[in-house]
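The values are calculated or read from the model by the stated rules, or taken from the named source; none is laboratory data. Please read these numbers as outputs of a predicted model, since none were measured by experiment. Positions of Cβ are generated from backbone atoms using ideal geometry, with glycine treated the same way; all protein chains shown enter the neighbour counts.
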Amino acid sequence: MRQQPTLDLIQRLSNFVLQREHFNQLMGYYVLTASGGDYAIDTLALYYSRFGELYTLSVDDVINRDTFPSFVNWFEKRAEEKERRRREKARRNKDHQPSEKIVSEHANKLT
């Protein structure tokens, strides 16, 4: 019997409930593995360590393989856009931070 490749998300959860945020996180990991064209994983799993329970989902039950490649493209573009915005924000914050020289000059005036 062939063991199915499984993508597991192991978290310590207080409720034995499949929450949207956990499903989205698991799907995000799946998209990252599948974006290179690797569709070997056919089972997704959430392990509820507090309860000792493993909840599994068949990939075929949660995605449409015909439209999934376009979803991967959308996901990648969205991730790139979020990363671009994060970098711009970090650059703006860096540009607006006072230099060490200015800070030390003000500190010297206060002493």
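Data for the structure
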item	result
Helices (runs of 4 or more DSSP H) completely within the stretch 1-108 that count 3 or more residues being modelled with pLDDT of 85 or more and under 20 Å from the mean Cα position of the chain (by Cα)	20-34, 68-96
Close pairs from the stretch 23-48: first in the same structural domain as PRO5 (by TED's automatic domain parsing), partner at pLDDT below 80 and aromatic (Phe, Trp, Tyr), Cβ under 9 Å, at least 6 apart	THR33/TYR39
